[in-house]
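Data block below; observations after.
The values are calculated or read from the model by the stated rules, or taken from the named source; none is laboratory data. Because the structure is predicted, anything quoted here is derived from the model rather than measured. Glycine gets a Cβ as well: all are built from the backbone with ideal geometry, and neighbour counts include every protein chain shown. Surface accessibility is based on the protein's heavy atoms, side chains included, excluding ligands, DNA and RNA. Shrake-Rupley method; radii C 1.70, N 1.55, O 1.52, S 1.80 Å.
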Amino acid sequence: MYDVAIIGCGVIGASIAYTLSQYDLRILILERENDVAMGTTKANSAIVHAGYDPEPGTLMARLNVQGSARMEQLCSDLSVAYKRVGSLVLAFGPEDEKTLARLYENGVQNGVPGLALLTGAQARAMEPALSGEVTGALYAPSAAIVDPWGLCIAEAETAVRNGAELKRRSAVTAIMETGSGCRISTTGGDFEARYVVNCTGVDAETIYRMTAEPKFKTLPSRGAYYLLDKTSGSLVSRVIFQCPSAVGKGVLIAPTVHGNLLVGPNAEEVQGARDKAVTAAALDTVAAASRRSVPSVDLRQSIRNFAGVRANTTLSDFYIAPSSARILHAAGIKSPGLSAAPAIAEYAVGQLAGMGLALTRREGFDGTRRVRRFRELSPAEKAEMVKENPLYGRVVCRCETITEGEIVDAIRSPIPPCSIDGVKRRAGAGMGRCQGGFCGPRVLEILARELGVPQSGILQDQDGTFLITGETKTGGAQV
C-alpha cells in the first residue's frame, strides 16, 4: 500500500509530489495522459504573479505571495528558466485608476514588496511601446516569468528520482474508501493508498464526486494566445496587464523565458474541459485588446496560436481541504495557481499531516537537478561536452541550437518522453521559429531509435497523434 496517491501531474500535483518526496513515504502519482504537464500547465501565461490581485485574507492571497517569494530559488535548484522582470497594470482613465488604487491596497495588505503607482508618463518611460492613452500604472517589481512545464517536469523527475512512482495513462475511474485507506481503480490498474490527493485541475469536481458531493462546481474557461517570434521578444521588457475583471486578469503582453513574446488570453466559458479549440473570434478579441496596450505589437510575427482551459470554479478562492479522513482536494487552482504552486504544496502537506500522515525526513534526499544547455555554454565548455560525447556536436534544432546529445539526455531522463512534443518540453527542440518543421522528423528518428520502437509508433503529443500511419517500399526505399 502507498502512503499517498496523488491524482494528476500538472504543476500542482508535481509540486506536492516533490515536497512529499522529502519525507520517508511511499508515493504514487497517477496521470491520465502519456506525459506530465499535459493540461493547463502547458497552456498558460507563464507568469509568476506578484500577489496584488487576490482579496486580502484569502488562501489565494497568502499562497500567491509565499509561492512567488520561493519560486526563484526553487527554479535555480532545478535548472528551470526563471526571470524576475516585474509587471505593469495599465489604466486608461479615472475608473481604471480607481482599480489600480484598490489593487495597490490589496498588495500592501498581502505583503507584496515594492509596489508603486505610476503616472502614464512614468509608465511609458519604463516601457516606451505603451499606448499614449495610458494614464497610469501599478508597478510590481517582484513579478516574474517562468517555464511552467519545465517546472512541472523538473519537480516530477526529482520526486521520481527520490523514490516516487509515476503511472502514466492511468485515468482514475473509481475511488472506494476502506478502513485503512482508499482503493483507486484506473485504466492502468488498481492501487491502494492511505491518503489520496486530488490535483486534477478541470477534472477536480469529477474526482471529488467519486466519494462525496463537491463543495463547488467547475466552470472551465478557455483562453487563446499568440506566441510571437523572437524578433518581437524585446518589444516590452516587463509583463503588461490591463485591469482585471471578474473573468480573469485580462489580455497581457509579456516576454517569455525563451525570448519570445506572448500575447493573450481572452476568456470564454466552454462546456468541455478539454475544448482547446483556437477560434478566429478569440484571436480577434486578443488582437484588439493587446493593441490597446501596445499599438505596435505585430501579430504577423506569430509562430503559433494555442489555447488553454483554466480550472475556474464557483468559488472565488482556492479549495484545499479534505472531504474525508483519507481524501484531500487541491481544487479551483486557477490563476495565480502556478505562482502559488510551491506554497500550495507546503500547505497541502501540512493538511495531510493534520489528517494523520506521519512525516519523517528522508535520508539522502536530493532536491536539486542539473541540466546542461549547450547553447548557454562557453566555447571551451562546448568543446569539452563534444569531447565527452560527440552527440553534443550535432545540432538537430537549428532555431534553438539544440543538440542530439541534449535530446538523448531528455529521452533517458527519469520520466522519458514518448512524443516529439514531450522532447520539446524537455530539451527545447521545436520551440523556435519553424516550430519543429525542420527538426521534427529528426527528433522522431532519435525517439524511435532510443526507445526501440518503429517510427510509426512515435506520437506528436497526446495518444493517437501518430505522424506515420504506414510504410511502403519503392525501389528499396521507405517512403
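Filtered by the rule that a residue be among the hydroxyl-bearing types (Ser, Thr, Tyr) and out of contact with any Asp or Glu (no Cβ under 8 Å at 6 or more places or on another chain), the range 181-201 gives 185, 186, 187, 200. Report yes if some residue within the range 299-315 is small (Gly, Ala, Ser), open to solvent by 10 Å² or more (accessible area, probe 1.4 Å) and over 20 Å from residue 277 (Cβ atoms); otherwise report no. No, there is no match, as no residue in the range 299-315 is small (Gly, Ala, Ser), open to solvent by 10 Å² or more (accessible area, probe 1.4 Å) and over 20 Å from residue 277 (Cβ atoms). Considering only residues in the range 87-115 that are surrounded by 13 or more Cβ atoms within 10 Å (Cβ to Cβ) and of a type in the set (Gly, Ala, Ser), the one that is farthest from the chain's Cα centre (by Cα) turns out to be 101.
Filter the range 116-155 down to residues that are in a helix (DSSP H, G or I) and within 21 Å of residue 69 (Cα to Cα) and give me whichever is most open to solvent (accessible area, probe 1.4 Å). Reasoning before the result, please.
Taking the range 116-155 as the starting set, the residues that turn out to be in a helix (DSSP H, G or I) are 120-126, 148-155.
Checking which are within 21 Å of residue 69 (Cα to Cα) leaves us with 148-155.
Details: 148: 5, 149: 45, 150: 9, 151: 0, 152: 0, 153: 5, 154: 0, 155: 3 Å².
The extreme case among them is 149.
Once the range 235-267 is narrowed to residues that are among the small types (Gly, Ala, Ser) and touching a residue at least 24 places away in the same chain (Cβ under 8 Å), the residue that is most open to solvent (accessible area, probe 1.4 Å) is 237. The single condition from (1) aromatic (Phe, Trp, Tyr); (2) over 30 Å from residue 142 (Cα atoms); (3) in contact (Cβ under 8 Å) with a residue 24 or more places away in the chain that residue 392 fails is (3).
In the range 283-315, of all residues being among the hydroxyl-bearing types (Ser, Thr, Tyr) and either part of a helix (DSSP H, G or I) or under 24 Å from residue 146 (Cα atoms) (or both), the one that is nearest to the chain's Cα centre (by Cα) corresponds to 302. Pairing each residue of the range 149-171 that is among the aromatic types (Phe, Trp, Tyr) with any residue that is assigned to a helix (DSSP H, G or I), provided the two are 6+ apart or on different chains, yields C-beta distances under 9 Å for 149/11; 149/41; 149/42; 149/425; 149/426.
The set of residues from the range 206-217 being within 16 Å of residue 274 (Cα to Cα) and buried (at least 20 other Cβ atoms within 10 Å of the Cβ) comprises just one member, 207. Of all residues in the range 240-282, exactly one satisfies the criterion of being part of a loop (DSSP other than H, G, I, E, B), under 23 Å from residue 92 (Cβ atoms) and among the polar types (S, T, N, Q), namely 266. Of the set (1) closer than 24 Å to residue 178 by Cα; (2) crowded, with 18+ Cβ neighbours inside 10 Å; (3) hydrophobic (A, V, I, L, M, F, W, C), all apply to residue 283 but (1).
Does residue 187 meet the test of being in contact (Cβ under 8 Å) with a residue 24 or more places away in the chain and within 21 Å of residue 28 (Cβ to Cβ)?
Yes; evaluated as a whole, the condition is true for this residue.
Tell me, yes or no, whether the range 61-84 has at least one residue that is hydrophobic (A, V, I, L, M, F, W, C), surrounded by fewer than 24 Cβ atoms within 10 Å (Cβ to Cβ), in a loop (DSSP other than H, G, I, E, B) and in contact (Cβ under 8 Å) with a residue 12 or more places away in the chain. Yes. Give the residues of the range 316-336 that are under 24 Å from residue 4 (Cβ atoms), open to solvent by 50 Å² or more (accessible area, probe 1.4 Å) and in a loop (DSSP other than H, G, I, E, B), sorted by residue number. 325, 326, listed by residue number. Scanning the range 326-374 for residues that are closer than 30 Å to residue 411 by Cβ and in contact with a Pro (Cβ under 6 Å, 6 or more places away or on another chain) yields a total of 1. Pairing each residue of the range 18-40 that is open to solvent by 30 Å² or more (accessible area, probe 1.4 Å) with any residue that is assigned to a loop (DSSP other than H, G, I, E, B) and not basic (Lys, Arg), provided the two are 6+ apart or on different chains, yields C-beta distances under 6 Å for 22/365; 24/360; 32/171; 39/10.
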